[in-house]
Structures are given as C-alpha cells and as structure tokens.
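Everything below concerns the one structure shown next.
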Amino acid sequence: MAVIGVLTLELGLENSQSLKEKRHVVQSLKDRLRQKFNVDVAEIVYQDLWQRWMVADVAVSSDQSHDEKVLRSVEDDASAVLGPELAGATVEWM
C-alpha cells in the first residue's frame, strides 16, 4: 500500500517588493527541491500575495520511514536556504 506524506511549508518574504520577485524565489525553491529530493512541489495558498506563500511537498512510497526521512531532509534544506523566512512546517500522512 502506498504511503503519502505531505510537508507544508509556510513562508514570509518580508523583503519582497513584487509578485514577480516572489515568484522567482518560489520557482527557485520548487526547482531545487524537485531536483534534489525527487518530490512533487506545488504552491497552494497566497498566490496573489507577494510577502507570504505556502508550498506543499509530496513524497509517495511504500515505506513511511523513507518518506519521513525525505520530508525531513526537504524541510532542513528549505530552512537552510530560507532561514528566518520559513515561518512554519507541518507533515500530514494519507
């Protein structure tokens, strides 16, 4: 049976001055996480706000412990890249 883990990252971009600038940061992070961890990433909330955003990172496998390691690594990497701009992270299992 497949295990689906969803890591939701909420971020605040206090220095962002436009949607274009925000989208550049969001797209860079999404590309990095997809390439480095082979997870699916989607912006899910706040698309029209330039100082807040939320993305969902999804890992699917038959082993929950594997997904936990992957999603923990994704969160650690995002935290290292974004620093204090990472406002919160939650994991849900399906």
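Residues of region 40-73 being touching a Leu at 6+ places or on another chain (Cβ under 6 Å), farther than 17 Å from residue 85 by Cβ and not in a helix (DSSP H, G or I), which ones? Explain how you work it out, then say what you get.
Keep residues of region 40-73 that are touching a Leu at 6+ places or on another chain (Cβ under 6 Å), which gives 41, 50-51, 53, 55, 57, 59, 71.
Okay, now just the ones that are also farther than 17 Å from residue 85 by Cβ, so 59, 71.
Once the filter is applied, which keeps residues that are touching a Leu at 6+ places or on another chain (Cβ under 6 Å), farther than 17 Å from residue 85 by Cβ and not in a helix (DSSP H, G or I), region 40-73 yields only 59.
Would you check if there is a residue in region 5-17 being of a type in the set (Gly, Ala, Ser) and surrounded by fewer than 13 Cβ atoms within 10 Å (Cβ to Cβ)? Taking every residue of region 5-17 in turn, none turns out to be of a type in the set (Gly, Ala, Ser) and surrounded by fewer than 13 Cβ atoms within 10 Å (Cβ to Cβ).
When region 2-39 is filtered for residues that are assigned to a loop (DSSP other than H, G, I, E, B), of a type in the set (A, V, I, L, M) and closer than 14 Å to residue 86 by Cα, only 13 remains. Among the residues of region 32-52, none qualifies, meaning not one is of a type in the set (Gly, Ala, Ser) and free of Cβ contacts under 8 Å to residues at least 12 places away in the same chain. For region 53-80, filtered to residues that are of a type in the set (A, V, I, L, M, F, W, C), without any contact (Cβ under 8 Å) to a residue 60 or more places away in the chain and touching a strand residue (DSSP E or B) at 6+ places or on another chain (Cβ under 8 Å), the residue that is most open to solvent (accessible area, probe 1.4 Å) is 60. Where residues in region 1-58 are more than 15 Å from residue 74 (Cβ to Cβ) and hydroxyl-bearing (Ser, Thr, Tyr), which of them is nearest to the chain's Cα centre (by Cα)? For region 1-58, the residue satisfying everything is 46.
The values are calculated or read from the model by the stated rules, or taken from the named source; none is laboratory data. Quick caveat: nothing in here was measured; it's all calculated off a predicted structure. Every residue, glycine as well, gets a Cβ built from its backbone with ideal geometry; the counts of neighbours run over all protein chains shown. Ligands, DNA and RNA are excluded from the accessible area calculation, which covers all protein heavy atoms including side chains. Shrake-Rupley method; radii C 1.70, N 1.55, O 1.52, S 1.80 Å.
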